[in-house]
Amino acid sequence: MSNTFYITTPIYYVNDKPHIGHAYTTILADVLARFHRNLGYDTFFLTGLDEHGQKVQQAAAESNVGPQRHCDEMAPQFIELWEELHISNDDFIRTTEPRHKQVVQEFLQQVFDKGDIYQDEYKGLYSVSEERFITEKEAESGQFHDIKKLQEKNYFFKMKDYQGQLIEYIEEHETFIQPEHRKNEILGFLRQPLSDLCISRPKSRLNWGIELPFDQDYVTYVWFDALINYVTATGYGTDDSSFKKWWPANYHLIGKDILTAHAVYWPTMLLSAGLPLPKTIFAHGWWLSGESKMSKSVGNVINPLDLIEEYGVDPVRYYLMREMVLGQDANFTMDSFIKRYNSDLANDFGNLLNRISTLIHKNYDGIIPQSRELTLDEKVIKDAAGKLVSEIDGKIKNMKINEAIEDIMQFIRRINKYMEEQAPWKLVKENKDAAGRILYTAGESLRIGASLLSPVMPNRTSILLEALNTRESTEWGGLKSGSKIRDHQPLFPRIQV
Ligand code: MSP
């Protein structure tokens, strides 16, 4: 089995500042990257920015600056947010970088030389906001409000020549498009005849893009340019051994709205270029705000920076990962955020550390007691911890992140209950060794729970592990009897409503 793990996020348009939806995909990728690093996978995590095309050109014009300057001013907003959110990406790609332009032009030339690109006069309907030609039927659907009649000469990619091959590939590779209902959606779409893809824009209409290598009057369609970022960053065309090492990607994480581009355009482009297809394209749902779509005009857009400032990074990461069932939409409300924080983080998780450390301070001079011979109760807990570790592994690999987190929390709740039942604060008066064994068992369980949660909450779990004077690992016995616990702030102070 290959020991490499390559994961990507979409590259975000720089027409606006990042919001919670962008933060979500990036955090999800980060959690998966951290989890795989912990398992020993050689991991490559890529995110970046989509800087060409009409949307960006328009945004630049609105701010009265040139498009490159606009991109240069926007990029730090994303980079800084990722730093704030403790995103551990290995590379950050911007499509205006020379390394990317070069690869896009080589890719285009290759597909052109193969005979898969032709020029044609197109006369038809064009959606300005979607930046693409649309069919009569789409125009009638009423979802486009900015349709123009256009007649122009353009270059087309012979996407329909790959339709059959793509259908076969999807049917043969069960995990290629996930979740299952998205795969069916694409197969449904592919039951209709596929059109060829218009991959150019005449400079007379749009000049913010990468010039076609075979016709300088045109720039590349923004999606054809953007999708290629996933191979640029691995060294395609420039560093063969790096490319071979990382490609094909294990996961392209995307939102459901950009599924067609990823599951139809991109694979057919790769088939034409003779490159392997990514292993999995995973489409998640949308974050709604108070049950409706987030939009500037409605004024319900959630800004991740405000949340971080008020509640800290890890609770935000935790909430986003815990609340969304991957594949479905989820609803963001402050009410559910605060409930989740207070019940899971303050009451269950933070409180367990407090109880353990207070008792060890008070009764054992702050020295972690001996684990001693485990009794039946402790053996059951130790076994449950072992089982939890292997279950979490399976759940995360199957993208059931919310369930994995819930399982860890249930384990933590169980340890709180064990503390209640055993009441070491009473027992210590008559049998200090037995009370010590209970505190050791609870502390060790908490250590394992924290280690499992570390990809989701890297910062607070490391504070917890430091407080217990121990390190991250998921094997029983990492807590060291005889070592001194350290003072710490309350991990998750309750939010007063
Ligand atoms: N630039 C393209 C992607 C090119 S990838 C080769 C793009 N950019 S985007 O900035 O508009 O959107 C990026 C991602 O954010 C998409 O996956 C989209 O689904 C996601 N989200 C935008 N709003 C969202 C929510 N409210 N909730 C969750 N994700 C959402 O499309």
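No value in this document is a laboratory result; all are computed from the given coordinates. Just so you know, these numbers come straight off a predicted model, no measurement behind them. Counting neighbours? That spans all protein chains shown, and the Cβs are built from the backbone with ideal geometry, glycine included.
Can you list residues from other chains, or at least 5 along the same chain, whose modelled amide H is less than 5 Å from the amide H of Asn331?
Leu288
State log₁₀ I(q)/I(0) for region 335-467 at q = 0.22, 0.23 Å⁻¹ as given by the Debye formula over alpha-carbon point scatterers of equal weight, solvent excluded.
Debye curve over Cα of region 335-467, log10 I(q)/I(0) at q = 0.22, 0.23 Å⁻¹: -1.39, -1.48.
Pull up the cross-link candidates among the aspartates and glutamates for Lys183, meaning alpha carbon to alpha carbon under 19 Å and not fewer than 8 places away within one chain.
The qualifying aspartates and glutamates are Glu168, Glu171, Glu172, Glu174, Asp257, Asp329.
Amide H to amide H under 5 Å from Ile177: which residues, 5+ apart in sequence or cross-chain, H placed 1.01 Å off N in plane?
Hits under the 5 Å cutoff: Ile281.
Please work out the C-alpha center-to-center distance from region 280-294 to region 86-117 and express it in whole Å.
What the calculation gives is 28 Å, centre to centre.
Quick one: how many lysine pairs does region 335-467 have with C-alpha atoms less than 16 Å apart and a gap of 8 or more or different chains? Give me the count, please.
Going through region 335-467 pair by pair, I get 9.
Quick one: check the C-alpha center-to-center distance for region 141-156 versus region 470-494, whole angstrom.
After rounding, the separation between the Cα centres reads 61 Å.
If the cut-off is 16 Å between C-alpha atoms, which lysines fall inside it for Lys153, apart from same-chain ones fewer than 8 positions away?
Lys123, Lys203
Once you treat every alpha carbon in region 404-484 as an equal point and sum by Debye, what is log10 I(q)/I(0) at q = 0.13, 0.15, 0.17 Å⁻¹?
-0.42, -0.55, -0.69
I need the phi-derived Karplus couplings for region 41-49: 6.51 cos²θ - 1.76 cosθ + 1.60, θ = phi - 60°, integer Hz, Gly and Pro marked x.
6, 6, 10, 10, 10, 10, 9, x, 10
Need the full-extension length gain, Ser241 to Lys203, defined as separation in residues times 0.36 nm minus the C-alpha distance. One decimal, nm.
Separation in residues times 0.36 nm, less the Cα-Cα distance, equals 10.1 nm.
Modelled label-to-label distance, Ala384 and Thr358, 7 Å Cα→beta-carbon offset: nm?
According to this spin-label approximation, the distance is 2.2 nm.
If r is the Cβ-Cβ distance from His173 to Ser2 and R0 is 22 Å, what FRET efficiency results, to the nearest 0.05? Please list the in-between numbers first.
On the way: r = 16 Å, r/R0 = 0.72.
In this case the efficiency is close to 0.85.
Show the residues, 5+ positions off or on another chain, whose built amide H is closer than 5 Å to the amide H of Gly48.
Answer set, sorted by chain and number: Tyr12, Ile93.
Given R₀ = 25 Å, what would the calculated FRET efficiency be for Glu73 paired with Val301, taking r from the Cβ atoms and rounding to 0.05?
It comes to 0.80.
Taking the Cα of Glu406, stepping 7 Å toward and past its beta carbon, and measuring to each backbone N in region 278-295: which are under 19 Å?
284-288
Can you list the residues of region 214-234 with backbone N under 15 Å from a point 7 Å past the Cα of Asp113, pointing along Cα to Cβ?
Those under the cut-off are 214.
For region 331-388 and region 206-250, write down the distance between their C-alpha centroids in whole Å.
Answer, in whole Å: 49.
Would you please give the FRET efficiency between Lys293 and Asn398, computed as 1/(1 + (r/R0)^6) with r the Cβ-Cβ distance and R0 = 41 Å, to the nearest 0.05?
Once rounded, the FRET efficiency stands at 0.90.
Suppose we look only past 34 Å in the calculated P(r) of the chain. What percent of the Cα-Cα pairs does that tail hold?
Tail of the P(r) past 34 Å holds 44 percent of the pairs.
So for each of 341-350, 56-65, 288-297, 464-473 I average, over its residues, the number of other beta carbons within 10 Å; can you give me the resulting order with the highest mean first?
341-350, 464-473, 56-65, 288-297
Based on the mean of other Cβ atoms within 10 Å per residue, sort peptides 299-310, 261-272 so the most packed one is first.
261-272, 299-310
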